[in-house]
Structure formats: C-alpha cells, structure tokens
1. Can you find, within the stretch C:47-60, the residue that is surrounded by the most Cβ atoms within 10 Å (Cβ to Cβ) among those that are in contact with a helix residue (DSSP H, G or I) (Cβ under 6 Å, 6 or more places away or on another chain) and within 13 Å of chain A (Cβ to nearest Cβ)?
2. Conditions: (1) out of contact with any Ser or Thr (no Cβ under 6 Å at 6 or more places or on another chain); (2) not β-branched (Val, Ile, Thr); (3) not in a strand (DSSP E or B). C:GLY98 meets all but one. Number of the miss?
3. Please go through the stretch B:1-34 and give me each residue that is of a type outside the set (A, V, I, L, M, F, W, C), closer than 20 Å to B:MET77 by Cβ, within 11 Å of another protein chain (Cβ to nearest Cβ) and touching a Leu at 6+ places or on another chain (Cβ under 8 Å), ordered by number.
4. Working only within the stretch B:38-75, note down all residues that are at the interface with another protein chain (Cβ under 8 Å from one of its Cβ atoms) and in contact with a helix residue (DSSP H, G or I) (Cβ under 7 Å, 6 or more places away or on another chain).
5. Could you check, for the stretch C:66-73, whether at least one of its residues is over 25 Å from A:LEU64 (Cβ atoms) and either touching a His at 6+ places or on another chain (Cβ under 6 Å) or modelled with pLDDT of 85 or more (or both)?
6. Could you list all residues from the stretch A:240-278 that are more than 21 Å from the chain's Cα centre (by Cα) and in a helix (DSSP H, G or I)?
7. Tell me the residue from B:ASP81, B:ASP64, B:ASP43, B:ASP36 that is touching a residue at least 12 places away in the same chain (Cβ under 8 Å) and within 17 Å of A:PRO236 (Cα to Cα), please.
8. Can you pull out the residues in the stretch A:139-182 that are among the charged types (D, E, K, R) and under 18 Å from A:ILE68 (Cβ atoms)?
Amino acid sequence: MAVGEAKTYKIPIGPVHVGLKEPITTWLEVDGERIVDIKVRPGAIHRGIEFMARERNPIQVIYLAERICGICSFAHIESFVRAVEDAASISVPKRAQYIRTIMLELERVHSHILWAGVACYTFGYDSAFNLGLLLREKVMDVLEAISGNRVNYGVGTIGGVRRDITPEAATALEDMLDYYRREFAAFYEVATEDPITKARMRHVGTLPPEDAVRYCAVGPTARASGLRVDLRWSSPYEAYADIEVTPIVPQDYMGEVYGDVFDRFLVRVLEVYQSLDIIEKALLGLPEGPLMAEPKLPKLLALLKAADGVGWSSIEAPRGDDTHVIRLTKGDENVTWWKVRAPTYANIVSWPIMFRGQEIADAPLIVNSIDPCISCMERALVVDKKSGSSEVLTKEELLKRSREKTRRLMGR
Amino acid sequence: MSRRAEYTDKAMASEAVVSVIRERLGDAVEVVELRDRKAGLSDAVCFHDLWLRCPKDKLLEVLDILFELDFPFFHVMSGNDEGEAVLLNYHFSLFQGSGRASRLGVAVSVYLPKDDLTMPSIQDRIPGAEYSEREMREMLGINFMGMPDESLVFLPEDWDERIKPWRRDEAGPKPEQIRELS
Amino acid sequence: MLKMDLAKTLGILPRSIWVFLCNSGSCNGCDIEIVATLTPRYDIERFGMKLVGSPRHADALLVTGPVTKYMTERLKHIYDQMPDPKVVIVVGNCGCSGDVFYKSYNLDGPVDQVLPVDVYVHGCPPRPEAIIEGVAKAVLKLEALRESLNSKEADVADVAQS
C-alpha cells in the first residue's frame with residue numbers, strides 16, 4: 001500500500017472476449033498494480049435453459065442440455081441422462097456404459113489440451129498455443145469418426161448411447177492413443193521442466209486447501225490445492241466401477257503443493273495421460289451387447305411419461321463436478337423441473353481469494369486457470385475515483401502486460 | 001460448531017449415517033429413501049444417495065449433524081413452485097475424500113409456505129453456497145436471512161425484480177415476456 | 001446468387017480481413033470452431049485474416065449466440081464502434097434462427113432482430129470450412145461496399161468541382 005492516501009481503482013473487465021469463451025463481467029479493485037478485490041457478475045449467457053425445459057419432453061431436453069456448453073457438451077448429456085435414469089429407474093446396458101466412458105474421457109482429453117494451449121497463449125507461449133490447437137485436431141477427428149460431428153456429438157440418450165464404436169473407430173482410437181503419448185510430451189515438459197513457465201505460474205493465484213473446501217471448489221482446481229476429490233473415484237459410475245481412477249494431486253508428483261496456477265497446469269497435463277490409460281482399458285474391456293435399454297423411441301417416451309420421481313446425478317466433467325437434478329411427473333410428458341449446476345460456477349466463487357494481492361498482469365492467467373466455461377477480459381476501464389479521470393485498457397493491453405511480464409522474467 | 005475445513009478420510013457406512021440422523025432427530029426428519037446407485041459389468045452398488053425431508057426450522061440441526069461427520073460439500077439448491085408451497089432441495093455430499101466408492105449424497109427437501117418464503121442462510125458456514133442462494137432468491141423469491149450479497153446473479157441489470165422466472169403463479173413471467181424467437 | 005467454387009474462394013481470400021468476435025450468449029461451440037480456423041490445420045491466418053481485440057480495428061463482426069438481454073445493448077454498441085464499410089457475419093444456428101432456444105424470457109435474438117446481417121453461416125457448430133466460406137462471401141460483399149462508397153465520394157467530388 002502506498003504511503004499517504006491509498007487510492008483504489010475499479011477496473012471492469014468484460015463482458016466480451018476475443019478468442020474462446022463466453023462473456024462475463026468482473027470488477028477488479030486495484031491499488032497500483034496490485035489487485036485488492038474482485039467482484040464477479042455473470043449472466044451474459046443466461047438463456048433460461050432450465051425454464052425452457054418445462055415445455056419439452058426429456059428426449060428434447062437432451063439436445064438443450066448439450067448446448068449448455070460447447071466444450072463439455074457430452075458431460076452435460078451424461079449427467080442429464082443419468083439423472084433421468086435415476087428418476088425413472090432405467091438401467092443402462094453394459095456396452096453403452098463403456099462407450100459413454102470412452103466418450104467422456106475423449107472429451108476430457110480434448111478439453112485439457114485446448115486449455116493447455118490457451119494457458120500458454122495467455123502468458124506468451126504462442127508456439128505452444130498453436131501446437132496445442134494442432135494436437136487437439138486428432139481427438140476431434142476421432143470424435144467425428146465415432147459420432148459424426150466435431151462438437152456437440154449427440155451420442156448419449158436416455159438408457160444408452162446412439163452410436164456404436166465400430167472396428168474402424170476403434171483403430172482410429174488406438175492410433176490416437178499412440179500419437180498423443182508421443183506428441184503430448186512437449187506439454188509435459190512445459191509443465192515440469194521449463195523455468196520460465198514455472199516462474200510465471202508459481203505462487204500466482206493461490207487457493208489454500210481450507211478455502212478450497214469451504215468454497216466448494218471442484219475438479220482440477222480442487223485437486224491442485226491438494227484435495228483428493230474425484231467423483232470417478234469416490235462415487236464410480238459407468239465403467240469407472242470396473243476401472244480404478246485415483247485423483248491426481250501435485251504432492252504425489254512434485255512432493256509439494258501450493259494450489260497455484262502451476263499446480264493446476266500440472267494436474268491437467270497429468271490427467272491427459274490418465275485419460276489415455278482409461279480409454280485404453282475401456283476399449284480392451286468393451287463388452288458385447290445392446291446399445292440402448294429401449295431402442296424404440298415411442299416406447300421410451302411412454303416409459304418416461306409414466307415415470308414419477310426425482311433424480312440426481314453428479315459426474316466428473318473436465319472442469320469438475322457437474323450436477324443435474326430433474327423431476328418427472330406421472331402422466332406429464334414434459335419435464336417438471338430441472339436444475340443444472342455447471343462446474344465453473346462452483347469454482348468462480350473462489351476467484352476473489354485467488355485474485356487478492358496479485359498483479360494486474362497476472363489477471364488473465366488466474367482467470368484462465370480454473371478453465372472457465374466463461375471468460376473475461378476484453379476491455380478494462382481504469383477509473384480514478386478521486387480525480388474522476390478514466391483510461392481505457394483494451395484486451396490487447398491486458399494480454400500485452402501479461403506477456404511482457406514473461407519477457408521481463410526471461411531477462412529481456 | 002463448524003468443523004475445521006477439510007474432508008475426512010474416515011467414511012461411515014450409509015446405513016450408519018441414517019441411524020445417527022434417526023437417533024438425533026427422531027420424527028422431526030423423514031428419511032424418504034436411501035437409493036442404491038449401481039454401475040459396471042457386475043452391476044455392483046457403487047454409492048448411495050440419501051433423500052431426507054425436514055421442516056424449515058430443522059434444517060440447521062440437520063446441517064449440524066452433517067458437519068460432525070464430515071465437511072459437507074455443497075452441490076446446488078434445486079427447487080420448484082409446487083402451487084401451495086415452494087419446494088427447496090439442498091444437495092450435499094459427505095465422505096468424498098475418504099476412499100473409493102465412499103461418497104454419500106445427501107439431499108434435504110424443505111417445503112416453504114408461500115406467505116413465509118424465508119430460510120436461514122448457510123453461507124457463514126459454507127461460503128460456497130453463495131451463487132445458489134442468490135439464484136434461488138432471484139428465480140423463486142426465497143429470502144435467505146443473513147446472506148451478505150443480495151444482488152442479481154444471472155438476470156440482467158434492468159430486470160424487474162418482482163418477476164421471478166420460475167414461479168408458476170402471478171409472480172412468474174407473463175406470456176408476453178416469453179419469446180418464440182423464430 | 002453467389003456461387004462459390006474452391007478456386008474462386010482461394011482467389012478472394014488473399015485480401016485480408018480483420019474480424020472482431022462477439023459472443024452474445026452462445027455455448028462456445030462456434031467460438032471454438034472460429035478459433036480453430038486460425039490454427040495450423042485450417043490456418044486462415046496465412047490469408048491475412050486475424051482476430052482483433054477492438055471493434056475499431058475490424059472490418060467484419062462475427063456474432064455467435066442468440067442475443068441475451070444482457071448483451072443486446074453491448075452488441076449494438078460494438079456494431080456502432082466499427083468503421084464503415086463493415087459486414088456482419090452470424091456464425092451458428094442460434095444466431096441465425098434460434099436453434100433449440102425458443103420460449104425463453106431472456107432472449108432478444110436471433111441476431112437479425114438486433115443488427116443488419118450480411119452473411120449467415122449455418123451449423124451447430126458449422127465446420128471451419130463453412131466458416132471460411134462464409135468469410136469469403138463477406139469479403140466479396142465488403143469489396144462491393146467499398147466500391148460503392150468510393151464511387152459516392154467521387155460523385156460528391158465531381159459536383160464540388162463543377
């Protein structure tokens with residue numbers, strides 16, 4: 001804090017973004033270069049999805065659920081159909097469970113590679129960004145071979161899956177596994193050996209473990225703070241009942257844990273390797289059998305119309321715990337009510353803690369480190385409360401500061 | 001009363017948790033169902049979901065018991081306008097750091113009469129409940145006494161706060177506000 | 001009716017176009033595919049197209065998403081900040097017609113209810129190849145707009161001289 005009058009500035013960031021993700025507005029209170037507090041204001045992408053579900057039957061809601069988020073679309077379908085299967089007591093054939101697991105893990109690989117590329121872009125590693133986005137094309141090819149589309153696959157349905165993994169798709173999967181085990185090592189090195197990335201990410205945006213528990217952090221953000229939480233381990237579903245998954249925590253690999261951006265990077269990179277192993281095991285153990293509990297759509301709809309109950313499902317999406325709760329009423333074809341809690345909303349609550357005391361130049365890194373399905377940083381308006389003067393910092397300015405800090409650390 | 005903020009590594013069996021709740025609260029809390037969730041090649045029971053129902057003045061006591069067993073992880077609050085009353089479900093998890101297949105999901109249902117849509121806020125003990133409380137306030141009109149931030153979270157700034165989108169009575173959105181889009 | 005074949009598309013693309021991306025409430029699927037067009041596999045950057053950080057530098061506005069009430073004014077403000085000549089390209093079904101999002105209390109879309117749209121790229125999300133074709137069509141339109149603006153200025157200058 002400066003001697004004399006302490007001036008704090010309020011910088012709004014958002015709501016529009018270049019690049020990837022959805023808009024959100026945050027207000028940063030700063031003192032010089034240090035961030036004092038942050039207030040978050042989501043709502044730019046509130047489309048009223050849960051409200052819209054009231055006029056649709058559960059099959060139609062699958063396609064609505066898929067479009068909640070473009071990156072974790074299958075995770076939302078999975079959580080939703082599991083909730084409906086819980087409410088209507090439908091059991092899923094074994095082959096479908098394994099195919100769902102493979103799709104979930106493929107999506108996790110895609111999401112983490114995309115995130116690793118974007119994280120490198122935020123602090124200036126453009127070559128790593130382009131490498132990351134090129135690597136990701138391979139998993140999208142496999143997803144397209146299985147489902148027919150690169151994003152929004154539409155593979156899951158209530159009681160099973162709609163597409164099978166043909167022998168050609170299985171070969172493509174195996175090629176992909178080899179490819180990634182060779183090529184992803186570049187990111188692994190960035191994560192573990194490069195001193196510049198370590199200097200840039202260590203002790204930035206720290207979330208202590210007690211705060212991670214009290215603020216209910218989920219997914220890699222919680223694991224990076226040292227907590228051993230992973231829904232695939234603590235409450236197995238689908239093929240995870242047969243395939244053991246242990247939560248990846250930094251202290252097992254590096255010996256120490258700080259809960260900063262570096263730890264989150266490390267956890268995600270290691271999770272890609274873990275997912276590749278899980279896909280391999282699921283592919284080897286893929287059982288024969290039907291793909292759907294009820295293949296005829298009218299019969300399925302009649303079954304759902306007669307179902308009565310409330311279902312709850314929480315699964316481990318790439319960003320963390322994705323919870324869906326749904327209520328079906330007997331005699332009513334439409335969904336009665338539906339509640340979705342995407343993982344990012346659980347992690348955003350911990351942003352104020354991660355931001356305090358950090359520099360503005362680190363703000364893009366911290367925002368991106370929880371892998372938000374919402375993003376910020378387009379324009380920042382710095383307003384001096386006392387004098388009333390204002391200065392506009394564009395998104396380019398903020399990113400430029402972030403990347404210049406890397407160059408300063410490199411000694412140039 | 002609040003437990004230190006960490007997840008326990010000693011899980012309890014779900015039936016034992018049910019006994020503890022029945023012992024301590026007796027008839028005040030109704031154990032609606034203990035559901036088995038099965039998966040895998042052998043259709044094994046992988047974890048349980050416990051559905052409870054309690055009157056609104058007993059919620060904090062249920063929370064106290066959960067705190068004794070583990071720091072309850074808060075998922076979300078779901079709810080609905082049931083006509084005469086408003087239903088509010090709290091979704092917690094216990095023992096999610098304790099071991100493989102040890103997690104117990106606990107859902108507590110509370111029915112609130114429409115002339116008294118208030119509940120005590122749990123943000124002082126579980127700060128992670130902030131967004132859910134703000135969301136239930138703007139969507140269903142439930143006031144959480146003691147909540148630090150009462151501003152809108154998902155609805156736009158110029159939204160008329162008297163209209164609660166999820167309500168099915170006169171507080172809900174009017175038909176003219178619902179657009180077909182195309 | 002603009003009929004595009006590959007040779008013509010490639011012939012147009014060398015004229016570089018700077019785009020600004022505005023997400024007005026989409027799920028990000030289209031935004032990711034737009035970023036994918038910049039990456040090594042599709043690599044539209046070699047033709048000079050780039051994403052800029054401010055609408056004041058942009059020739060084209062890429063809009064995704066059904067416009068939520070929160071974003072309506074902001075979207076219009078961004079459009080106003082762009083200098084003429086400009087084109088608006090809507091990417092994705094929800095911006096074109098609403099897609100699965102109908103009967104909501106918080107949507108002002110589709111985008112043509114808020115802004116004048118020049119090119120619609122359909123798909124959920126459209127493939128990067130489709131986005132590139134959409135941008136190529138927009139470039140043609142932009143060239144035509146530039147020509148007409150230039151000829152208007154020439155007319156005014158003639159009148160002033162005589």
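The values are calculated or read from the model by the stated rules, or taken from the named source; none is laboratory data. Just so you know, these numbers come straight off a predicted model, no measurement behind them. Cβ atoms come from the backbone with ideal geometry, glycine included; neighbour counts cover every protein chain shown.
1. C:GLY53
2. (1)
3. Narrowing the stretch B:1-34 to residues of a type outside the set (A, V, I, L, M, F, W, C): B:2-4, B:6-10, B:14-15, B:19, B:22-24, B:26-27, B:30, B:33.
If we keep only those that are closer than 20 Å to B:MET77 by Cβ too, we end up with B:2, B:30, B:33.
Add one more test, that the residue is within 11 Å of another protein chain (Cβ to nearest Cβ), and what stays is B:2, B:33.
Residue satisfying the conditions is B:GLU33 alone.
4. Scanning the stretch B:38-75 gives B:ALA39, B:GLY40, B:LEU41, B:ALA44, B:CYS46, B:PHE71, B:PHE74.
5. Our first condition is that a residue be over 25 Å from A:LEU64 (Cβ atoms); within the stretch C:66-73, this holds for C:73.
Next cut, either touching a His at 6+ places or on another chain (Cβ under 6 Å) or modelled with pLDDT of 85 or more (or both) only: C:73.
Taking every residue of the stretch C:66-73 in turn, at least one turns out to be over 25 Å from A:LEU64 (Cβ atoms) and either touching a His at 6+ places or on another chain (Cβ under 6 Å) or modelled with pLDDT of 85 or more (or both).
6. Answer for the stretch A:240-278, where residues must be more than 21 Å from the chain's Cα centre (by Cα) and in a helix (DSSP H, G or I): A:ALA241, A:GLN251, A:ASP252, A:TYR253, A:MET254.
7. Working: B:ASP81 fails: within 17 Å of A:PRO236 (Cα to Cα); B:ASP64 fails: within 17 Å of A:PRO236 (Cα to Cα); B:ASP43 fails: touching a residue at least 12 places away in the same chain (Cβ under 8 Å).
Being touching a residue at least 12 places away in the same chain (Cβ under 8 Å) and within 17 Å of A:PRO236 (Cα to Cα) holds for just one of B:ASP81, B:ASP64, B:ASP43, B:ASP36, which is B:ASP36.
8. Here is the first cut: in the stretch A:139-182, the residues among the charged types (D, E, K, R) are A:141, A:144, A:150, A:162-164, A:168, A:174-175, A:178, A:181-182.
If the condition is that a residue be among the charged types (D, E, K, R) and under 18 Å from A:ILE68 (Cβ atoms), then A:ARG150 is the only one that fits.
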